[in-house]
1. Restricting attention to the stretch 7-39, which residues are surrounded by fewer than 13 Cβ atoms within 10 Å (Cβ to Cβ) and under 15 Å from the mean Cα position of the chain (by Cα)?
2. Looking only at the stretch 58-66, decide whether some residue is touching a residue at least 40 places away in the same chain (Cβ under 8 Å) and not charged (D, E, K, R).
3. Pull up the stretch 60-105, narrow it to residues that are assigned to a loop (DSSP other than H, G, I, E, B) and in contact with a Ser or Thr (Cβ under 7 Å, 6 or more places away or on another chain), then point me to the one that is farthest from Tyr18 (Cα to Cα).
4. Just one of (1) in contact (Cβ under 8 Å) with a residue 24 or more places away in the chain; (2) within 13 Å of the chain's Cα centre (by Cα); (3) surrounded by 13 or more Cβ atoms within 10 Å (Cβ to Cβ) trips up Thr69, so point out which.
5. With the requirement that a residue be at pLDDT 90 or above and of a type in the set (Ser, Thr, Tyr), what does the stretch 49-83 give you?
6. Assess whether Ser80 counts as being farther than 30 Å from Glu8 by Cβ and surrounded by 10 or more Cβ atoms within 10 Å (Cβ to Cβ).
7. Restricting attention to the stretch 1-34, which residues are in contact with a Pro (Cβ under 7 Å, 6 or more places away or on another chain) and of a type in the set (Ser, Thr, Tyr)?
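The values are calculated or read from the model by the stated rules, or taken from the named source; none is laboratory data. Bear in mind that the values here come from a model prediction, so they are computed numbers and not experimental data. Virtual Cβ from ideal backbone geometry, glycine too; neighbours counted across all protein chains shown.
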Amino acid sequence: MPSITDPEGSACTVTVSYMGSATLPAFVTYTGNTFTFNPVTGHAGNYRIDLSVADEVNTYSSFFNIQVTSATTNLPPSLSSALTKQTVIKGIPFAYTLPTASDPES
């Protein structure tokens, strides 16, 4: 990101926002003059980040878009452990609890 300066040397205030809120998406941080992006599964989509720079008199506003894409497409669900062979004896009650299933894309 370019340096933010005022030609008259006035102090500048930088404001960043997402969808009208000062809260950025969970995978975006803004520190000093640097944006850091760390998207994970579930963050795929388009994001508009608004930027406003103001001195005592003027304000400059702009935005940029971030498109987060998935490195893979539709990963299969998985089980927390493998299914195991079970033996059932006729006349004796039997119960088998399935492992937890999860979807990596949430």
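1. Met19, Thr23, Ala26, Thr29, Thr36, Asn38
2. Taking the stretch 58-66 first, the residues touching a residue at least 40 places away in the same chain (Cβ under 8 Å) are none.
No, the conditions are met nowhere in the stretch 58-66.
3. Kept after step one, since they are assigned to a loop (DSSP other than H, G, I, E, B), are these residues of the stretch 60-105: 69-77, 80-100, 103-105.
Next cut, in contact with a Ser or Thr (Cβ under 7 Å, 6 or more places away or on another chain) only: 77, 80, 99-100, 104-105.
Details: Pro77: 32, Ser80: 36, Pro99: 39, Thr100: 36, Pro104: 26, Glu105: 23 Å.
Per the stated criteria, the residue is Pro99.
4. It fails just one condition, (3).
5. Ser52, Thr59, Tyr60, Ser61, Ser62, Ser78, Ser80, Ser81 - these are the residues of the stretch 49-83 that are at pLDDT 90 or above and of a type in the set (Ser, Thr, Tyr).
6. Working: farther than 30 Å from Glu8 by Cβ: yes; surrounded by 10 or more Cβ atoms within 10 Å (Cβ to Cβ): no.
Judged against the criteria, Ser80 is not a match.
7. Initially, the stretch 1-34 is screened for residues in contact with a Pro (Cβ under 7 Å, 6 or more places away or on another chain), giving 18, 27.
Passing the criteria: only Tyr18.
Yes/no matrix, rows are residues, columns are (1) at pLDDT below 90; (2) not in a loop (DSSP other than H, G, I, E, B):
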position	(1), (2)
Gly9	yes, no
Pro25	no, no
Thr29	no, yes
Tyr47	no, yes
